[in-house]
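Chemist: First the structure, then my questions, so here it is.
The values are calculated or read from the model by the stated rules, or taken from the named source; none is laboratory data. Note that the structure is a prediction, hence the values are computed from the model and not measured. Cβ coordinates were reconstructed from backbone atoms using ideal geometry, including for glycine residues, and neighbour counts include every protein chain displayed.
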Amino acid sequence: MNQNLPVLMIKKLIILPYQEVRIELNIELSKKIVDLSEESYESKLLVICPKDALDSSPSFKDLPDIGVLTKIKAKMELPNGNYRIILVGLNRIQVDGYKNHEVYTNVLLANIKKSEKISFDEKKSLALSRRIKKLVSKYIEINPHTSNSIASTINNISDLDMLVDIVTNFMPFDQKKKISYINTYDTMERAKSLIKDISLELEITNIETKIDDELRAKYEKEQREFLIKQKIEKLNAELGISVDKNKEVSEFEEKIQALPINETSKNKLLDELKRYSYTNDANPDSSVIRNYLQTVISLPWGVLSEDETDLKKVKKHMDLKHFGLEEVKTRILEFLAIKKNNPDINAPIICLVGPPGVGKTTFGMSLSEALNRKFYKISVGGLNDASELVGHKRTYLGSSPGKIIQGLKKCGTQNPVILIDEIDKMVCDYKGDPASILLDILDQNQNHTFIDNYIEEPFDLSKIIFILTANDIKDIPAALKDRLEIININSYTEKEKIDISKKYLLPIIFKEYNTKKYKISDEVLSYIINYYTKEAGARNLERILRKIVRHIIINESDIVSITKSLVTNVLGPVKYDMKEQAIANYPGSVNTLGVTPLGGKVIPIEAVLTPGSGHLNLTGNIAETTLESVNIAYMYIVSNLKTFGIDKKVLNANDININALTSIKKDGTSGGVAFTTSIISLLLDKSIDRNICFTGEINLHGDIYKVGGIKEKLIGAYNQGFKTVYIPEQNKREIEYLPDYIKDGIEIICVNNYEVIFDDLFTNKK
């Protein structure tokens with residue numbers, strides 16, 4: 001006799017006989033089925049799984065002919081309106097067909113066949129039960145995470161049908177397999193399938209155990225992720241499952257084989273690739289190895305950009321971009337000319353030394369354009385970590401190549417122009433000495449096999465044109481300085497700044513702002529330079545010119561020329577006076593010359609007498625070497641009082657107080673002549689012409705020695721309007737490199753002993 005039961009379709013959950021599950025229902029139809037079951041069917045439901053789990057609206061033909069009879073053990077209505085029910089699987093039943101409910105047409109009813117007990121051999125059934133129990137016991141034994149209570153529960157079951165369903169529910173089978181057990185009505189068939197499936201699980205588990213033992217002995221110190229990966233690979237090999245690392249490995253191998261490197265390096269990379277193919281993606285080492293391989297492969301091994309060989313074009317481009325810098329331009333042209341005859345010649349390693357704003361950095365950029373090479377800039381000012389240049393070992397977290405290799409990778413060529421900026425400002429501390437690393441990078445006898453700590457393979461740096469910059473040559477380490485071709489770039493004179501403004505700065509500004517060309521006279525440019533800038537280069541001058549042009553565009557579009565009044569209106573009151581002398585013509589007041597980060601500068605010195613006992617007091621921003629120079633000057637004067645006509649009583653009855661008027665620390669011995677002149681002027685009560693300045697080192701016998709930066713000093717004296725400069729005789733040859741208008745603009749007197757100066761200033765005063 002057939003009977004009907006409401007049907008509950010569940011796609012994502014499996015329920016077997018003798019199993020208890022908790023379900024939350026949020027669909028009105030499902031909740032209606034539950035209510036109907038409680039009202040009319042003694043809380044019983046038929047739970048089925050459609051044949052096609054992806055079909056959202058299955059037809060009767062898609063529904064199985066076997067389901068699980070369940071009973072609602074408990075029901076709870078949640079605050080959100082959903083039902084939470086507990087279903088207990090009773091037994092497997094056969095369906096004779098499906099129909100819609102007479103009242104609730106959306107509710108599906110199943111016609112249940114009358115249960116007919118299948119007869120089977122009891123001995124065979126007992127044998128199957130024992131076999132299942134034995135297999136389950138073995139499975140529990142070799143799976144330590146399985147509860148032992150399950151074994152005792154299973155051993156107490158005598159009914160084969162119940163045993164099969166409970167074990168099926170316990171085993172870690174996938175959903176598809178469990179559905180097949182639901183849809184198999186014959187108990188004997190289910191038991192045989194269960195024995196087969198448990199045996200397969202045992203085999204897999206035994207293989208896993210074997211792999212664990214093998215790998216534990218060999219790789220006991222390896223990370224757990226690596227162990228799991230090896231286990232999976234061994235297991236797949238035992239089961240005949242092929243695992244492909246994806247085509248990335250083969251692509252890497254193809255690229256490595258194509259690299260123009262030696263076989264040793266190539267084999268090392270292939271070993272790393274093999275290690276990568278065996279490493280689990282979840283292992284952090286996988287990404288480390290992959291990044292390493294990608295970095296090495298992406299380097300421009302043997303890739304060279306073709307140089308521009310037309311020397312005229314190169315020179316024209318450099319002249320178009322930069323004023324002056326004739327020495328460095330000539331050196332580049334020499335290199336290109338020789339390279340035509342010998343393509344393997346090493347590029348020069350040039351260091352441009354000069355004050356800020358004179359075009360050192362931008363020259364590197366324009367050089368790369370002129371030569372048709374890539375450009376990369378490395379700023380080492382304040383750098384104290386040597387690893388920034390030579391890279392970090394791959395053992396460090398977040399390791400990467402050094403800046404040199406990074407630059408080559410970015411440029412994509414092996415022969416770019418690399419600018420290393422501000423090498424005089426590197427720092428040596430506990431993190432390392434960057435200067436020592438530069439020794440290897442810039443050594444043309446070794447850098448063809450440069451090894452970065454990250455890459456760990458030799459890379460040729462000899463094709464690179466290195467341009468280095470510095471403000472002060474004294475701060476460049478001696479060993480590094482020996483590797484370089486030093487080219488000094490002097491500060492610009494007023495005349496040069498005017499030419500730069502007219503030929504370079506203003507045309508660029510007019511073109512960039514897309515405006516008409518406004519007229520500006522040399523007089524107005526001179527006014528701007530002398531009263532609104534205080535620099536060796538032309539960087540601030542460019543900013544000011546841009547500001548003036550922007551003002552005209554916004555406020556005074558009808559303007560034709562730039563006048564002083566317009567400049568004052570835009571820039572405000574004057575800020576500096578480059579021509580103004582800092583001191584008056586008092587006895588003891590003289591001017592010396594120094595070199596600052598802004599170029600050559602005139603430093604005023606003043607001295608006064610105060611009652612005392614012949615002590616020498618020095619104030620101002622003075623370094624120790626300068627203090628020694630003052631003491632030498634004083635001792636020279638004391639030992640030659642008669643020669644200079646100085647009254648010893650005046651010297652003994654007074655203290656000499658000297659002050660150097662400078663905000664920048666005065667260091668070095670070049671002020672010796674000026675200090676000597678200041679003290680003599682003070683003691684003789686004779687003033688020195690304020691248009692005269694001095695530079696030179698003096699010894700205890702009055703001999704005057706060579707000093708550094710003479711060109712910068714003379715340019716500084718010229719810029720500040722001085723008429724006469726005394727310099728050491730040993731510096732005479734450097735005068736030849738001065739522009740003619742400077743040599744004609746100031747009187748340069750070369751002396752080798754102080755008595756010559758004394759005779760000029762104090763006996764035959766001009």
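Chemist: Could you figure out which of (1) within 18 Å of Gly537 (Cα to Cα); (2) of a type in the set (Asp, Glu); (3) crowded, with 17+ Cβ neighbours inside 10 Å isn't true of Glu327?
Modeler: Of the numbered conditions (1) within 18 Å of Gly537 (Cα to Cα); (2) of a type in the set (Asp, Glu); (3) crowded, with 17+ Cβ neighbours inside 10 Å, the odd one out for Glu327 is (3).
Chemist: Right, something else. Among the listed residues Asp443, Asp421, identify the single one that is over 30 Å from Gly537 (Cα atoms) and in contact (Cβ under 8 Å) with a residue 24 or more places away in the chain.
Modeler: Step by step, each of Asp443, Asp421 is checked, and only Asp443 is over 30 Å from Gly537 (Cα atoms) and in contact (Cβ under 8 Å) with a residue 24 or more places away in the chain.
Chemist: Continuing with this model, one more query. Only one of (1) without any contact (Cβ under 8 Å) to a residue 60 or more places away in the chain; (2) assigned to a helix (DSSP H, G or I); (3) under 30 Å from Lys313 (Cα atoms); (4) charged (D, E, K, R) fails for Lys409. Which number is that?
Modeler: Only one criterion in (1) without any contact (Cβ under 8 Å) to a residue 60 or more places away in the chain; (2) assigned to a helix (DSSP H, G or I); (3) under 30 Å from Lys313 (Cα atoms); (4) charged (D, E, K, R) is unmet by Lys409, namely (1).
Chemist: Considering only residues that are closer than 30 Å to Thr596 by Cβ and surrounded by fewer than 22 Cβ atoms within 10 Å (Cβ to Cβ), which ones fall in the stretch 358-374?
Modeler: Listed by number, the residues that qualify are Thr361, Thr362, Met365, Ser366.
Chemist: What helices (runs of 4 or more DSSP H), lying completely within the stretch 128-216, carry at least 3 residues that are out of contact with any helix residue (DSSP H, G or I) (no Cβ under 7 Å at 6 or more places or on another chain) and under 29 Å from Cys49 (Cβ atoms)?
Modeler: Fully inside the stretch 128-216 and qualifying: 160-170, 175-182.
Residue by residue, here is whether (1) touching a Leu at 6+ places or on another chain (Cβ under 8 Å); (2) of a type in the set (Phe, Trp, Tyr); (3) outside the structural domain of Tyr181 (by TED's automatic domain parsing) holds:
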{"position": "Val68", "(1), (2), (3)": "yes, no, yes"}
{"position": "Ala74", "(1), (2), (3)": "no, no, yes"}
{"position": "Glu77", "(1), (2), (3)": "no, no, yes"}
{"position": "Ile86", "(1), (2), (3)": "no, no, yes"}
{"position": "Leu90", "(1), (2), (3)": "yes, no, yes"}
{"position": "Tyr98", "(1), (2), (3)": "yes, yes, yes"}
{"position": "Glu102", "(1), (2), (3)": "no, no, yes"}
{"position": "Thr105", "(1), (2), (3)": "no, no, yes"}
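Chemist: Residue check: is Leu618 touching an Asp or Glu at 6+ places or on another chain (Cβ under 9 Å) and in the same structural domain as Gly671 (by TED's automatic domain parsing)?
Modeler: no
Chemist: Working only within the stretch 164-196, note down all residues that are surrounded by fewer than 18 Cβ atoms within 10 Å (Cβ to Cβ), under 17 Å from Glu122 (Cα atoms) and of a type in the set (Lys, Arg).
Modeler: Selection gives Lys192 alone.
Chemist: Please work out which one of (1) within 21 Å of Lys481 (Cβ to Cβ); (2) free of Cβ contacts under 8 Å to residues at least 40 places away in the same chain is the condition Ile349 fails and give its number.
Modeler: If we test Ile349 against (1) within 21 Å of Lys481 (Cβ to Cβ); (2) free of Cβ contacts under 8 Å to residues at least 40 places away in the same chain, just (2) comes out false.
Chemist: Inspect the stretch 754-764 for any residue being touching a Cys at 6+ places or on another chain (Cβ under 8 Å), surrounded by fewer than 22 Cβ atoms within 10 Å (Cβ to Cβ), touching a residue at least 12 places away in the same chain (Cβ under 8 Å) and not in a strand (DSSP E or B) and give the result as yes or no.
Modeler: Within the stretch 754-764 (the criterion being touching a Cys at 6+ places or on another chain (Cβ under 8 Å), surrounded by fewer than 22 Cβ atoms within 10 Å (Cβ to Cβ), touching a residue at least 12 places away in the same chain (Cβ under 8 Å) and not in a strand (DSSP E or B)), the answer is no, since none of the residues qualifies.
Chemist: Sticking with this one: Sort out which residues of the stretch 286-302 are touching a residue at least 60 places away in the same chain (Cβ under 8 Å) and in contact with a helix residue (DSSP H, G or I) (Cβ under 9 Å, 6 or more places away or on another chain), and write them in order of number.
Modeler: Tyr292, Thr295, Val296, Ser298, Leu299, Pro300
Chemist: Can you tell me which residue in the stretch 229-277 is farthest from the chain's Cα centre (by Cα), limited to those that are of a type in the set (Ser, Thr, Tyr) and either loosely packed, with under 11 Cβ neighbours inside 10 Å or at pLDDT below 80 (or both)?
Modeler: The selected residue is Ser242.
Chemist: Quickly run through the stretch 425-456 and pick out the residues that are of a type in the set (D, E, K, R) and buried (at least 20 other Cβ atoms within 10 Å of the Cβ).
Modeler: The one that is of a type in the set (D, E, K, R) and buried (at least 20 other Cβ atoms within 10 Å of the Cβ): Asp452.
Chemist: Output the number of residues of the stretch 541-595 satisfying the condition of being closer than 28 Å to Ile508 by Cβ, polar (S, T, N, Q) and either surrounded by 14 or more Cβ atoms within 10 Å (Cβ to Cβ) or modelled with pLDDT of 75 or more (or both).
Modeler: 6
Chemist: Which members of the stretch 705-744 meet the condition of being surrounded by fewer than 20 Cβ atoms within 10 Å (Cβ to Cβ), over 50 Å from the mean Cα position of the chain (by Cα) and not charged (D, E, K, R)?
Modeler: Thr724
Chemist: May I ask you to verify whether Phe459 is aromatic (Phe, Trp, Tyr) and within 20 Å of Met426 (Cα to Cα)?
Modeler: Criteria not met by Phe459.
Chemist: I need the full set of residues from the stretch 619-631 which are surrounded by 18 or more Cβ atoms within 10 Å (Cβ to Cβ) and of a type in the set (A, V, I, L, M), in order please.
Modeler: Ile622, Val630
Chemist: State whether the residues of the stretch 142-153 include one that is closer than 19 Å to Leu16 by Cβ and surrounded by 18 or more Cβ atoms within 10 Å (Cβ to Cβ).
Modeler: no
Chemist: Checking the structure you have, find out if any residue of the stretch 512-524 is closer than 22 Å to Asp740 by Cβ and not acidic (Asp, Glu).
Modeler: The answer is no, given that none of the residues of the stretch 512-524 is closer than 22 Å to Asp740 by Cβ and not acidic (Asp, Glu).
Chemist: Could you go through the stretch 455-467 and let me know if any residue there is modelled with pLDDT of 80 or more, under 22 Å from Glu369 (Cα atoms), within 32 Å of the chain's Cα centre (by Cα) and among the small types (Gly, Ala, Ser).
Modeler: yes
Chemist: Another question, then. Does Leu616 fit the bill of being buried (at least 16 other Cβ atoms within 10 Å of the Cβ), more than 21 Å from Cys750 (Cα to Cα) and at pLDDT 85 or above?
Modeler: Spelling it out, it is not the case that Leu616 is buried (at least 16 other Cβ atoms within 10 Å of the Cβ), more than 21 Å from Cys750 (Cα to Cα) and at pLDDT 85 or above.
Chemist: Then there is this: I'd like to check something: does the stretch 542-553 contain any residue that is part of a helix (DSSP H, G or I) and touching a residue at least 60 places away in the same chain (Cβ under 8 Å)?
Modeler: no
Chemist: Please specify each residue of the stretch 530-552 satisfying the condition of being within 39 Å of the chain's Cα centre (by Cα) and among the β-branched types (Val, Ile, Thr).
Modeler: Result: Thr533, Ile544, Ile548, Val549.
Chemist: Being assigned to a loop (DSSP other than H, G, I, E, B), under 21 Å from the mean Cα position of the chain (by Cα) and over 15 Å from Gly381 (Cβ atoms) is the filter here; which residues of the stretch 425-435 pass it?
Modeler: Lys431, Asp433
Chemist: Where residues in the stretch 353-398 are polar (S, T, N, Q) and not in a loop (DSSP other than H, G, I, E, B), which of them is farthest from the chain's Cα centre (by Cα)?
Modeler: Ser366
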